[in-house]
Amino acid sequence: QVQLVESGGGLVQPGGSLRLSCTASVRIFSSLLMGWYRQAPGKERELVATITGGGSTNYADSVKGRFTISRDNAKKTVYLQMNSLKPEDTAVYYCKTSAWGVEYWGKGTLVTVSS
């Protein structure tokens, strides 16, 4: 069983920054592939970024150069640093991992980009 808890969402003006955190309750975190996804109102959930246990990263084209995913294995936490935020980044952001063939999702944290 894996539990994921996101935090760090909120209201930010266009051009601003936020850092999201996702902490996992799992015995072995360092080997897990971790991902951030988002779902905007009326749209399907989409991949934002992933990071392997070794630190290799992958980003959606829409966030490349603006968002950075990172992890602290000692704290069992993955981060999403979001800079130069745009109104179209408004969404609920979810943390996800897979273990033993099962997908685990957090409950999400809302990011609203608006002036």
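The values are calculated or read from the model by the stated rules, or taken from the named source; none is laboratory data. Every value quoted in this text rests on a predicted model; they were computed, and no experiment measured them. We place every Cβ from the backbone using ideal geometry, glycine too, and count neighbours over all the protein chains shown. SASA here: full protein model, heavy atoms, side chains in, ligands and nucleic acids out. Shrake-Rupley method; radii C 1.70, N 1.55, O 1.52, S 1.80 Å.
Observations, loosely collected:
- Positions within segment 90-115 being open to solvent by 60 Å² or more (accessible area, probe 1.4 Å) and either closer than 14 Å to residue 38 by Cβ or among the charged types (D, E, K, R) (or both), in sequence order: 103, 105, 107, 110
- Matching residues, segment 33-63, being basic (Lys, Arg), under 14 Å from the mean Cα position of the chain (by Cα) and not in a strand (DSSP E or B): 45
- Candidate set: segment 16-25, residues that are touching a Leu at 6+ places or on another chain (Cβ under 7 Å) and more than 15 Å from residue 49 (Cβ to Cβ); chosen: the one most open to solvent (accessible area, probe 1.4 Å): 17
- Residue list for segment 60-89, restricted to those being over 16 Å from residue 28 (Cβ atoms), surrounded by 18 or more Cβ atoms within 10 Å (Cβ to Cβ) and not charged (D, E, K, R): 63, 67, 69, 79, 80, 82, 85
- In the condition set (1) open to solvent by less than 50 Å² (accessible area, probe 1.4 Å); (2) under 25 Å from residue 114 (Cα atoms), residue 42 is compliant with all but (1).
- Residue 88, sole failed condition from (1) at pLDDT 95 or above; (2) part of a loop (DSSP other than H, G, I, E, B); (3) more than 16 Å from residue 4 (Cα to Cα): (2)
- Test: residue 6 is touching a strand residue (DSSP E or B) at 6+ places or on another chain (Cβ under 8 Å), of a type in the set (Asp, Glu) and surrounded by 18 or more Cβ atoms within 10 Å (Cβ to Cβ): yes
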